[in-house]
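Below is one structure, written out as structure tokens; the observations come after it.
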Amino acid sequence: MASAKEKKEEVKKSLKLLRKELRQMHLCVTEELTLPNAIDVKNLMTKMEQLLEVVESKPTRKPKAK
């Protein structure tokens, strides 16, 4: 099980990559006036969904020892 710090680093890394891909798509749309490839959009959406699962996952708590 990943620790909170490892999870945070994983999320930050994923967000940076997603942001880079979105910037590239935005440039294609605004400067080249071309739509992004549907497969690229689908892949990006899948990555975002995976990231959301990581962020939303609740950590399991261990019972307190008495």
> Somewhere in the stretch 59-66, is a residue part of a helix (DSSP H, G or I) and either at pLDDT 95 or above or loosely packed, with under 12 Cβ neighbours inside 10 Å (or both)?
Replying inline: no
> Just to be sure, is L35 assigned to a helix (DSSP H, G or I) and at pLDDT 90 or above?
Replying inline: no
> Residues of the stretch 1-11 being surrounded by fewer than 10 Cβ atoms within 10 Å (Cβ to Cβ) and either part of a helix (DSSP H, G or I) or under 12 Å from the mean Cα position of the chain (by Cα) (or both), which ones?
Replying inline: A4, K5
> Tell me, which residue of the stretch 30-46 that is of a type in the set (A, V, I, L, M) and closer than 22 Å to L15 by Cβ is surrounded by the fewest Cβ atoms within 10 Å (Cβ to Cβ)?
Replying inline: I39
>> Need pairs with beta-carbon distance below 8 Å; first residue polar (S, T, N, Q) and within the stretch 1-23, second surrounded by 12 or more Cβ atoms within 10 Å (Cβ to Cβ) and part of a helix (DSSP H, G or I); sequence gap 6+ or separate chains.
In response: S14/K47; S14/L51; S14/V54
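The values are calculated or read from the model by the stated rules, or taken from the named source; none is laboratory data. As the structure is a prediction and not an experimental result, all values here were calculated from the model. Glycine also receives a Cβ, built like all others from the backbone with ideal geometry; neighbour counts cover every protein chain displayed.
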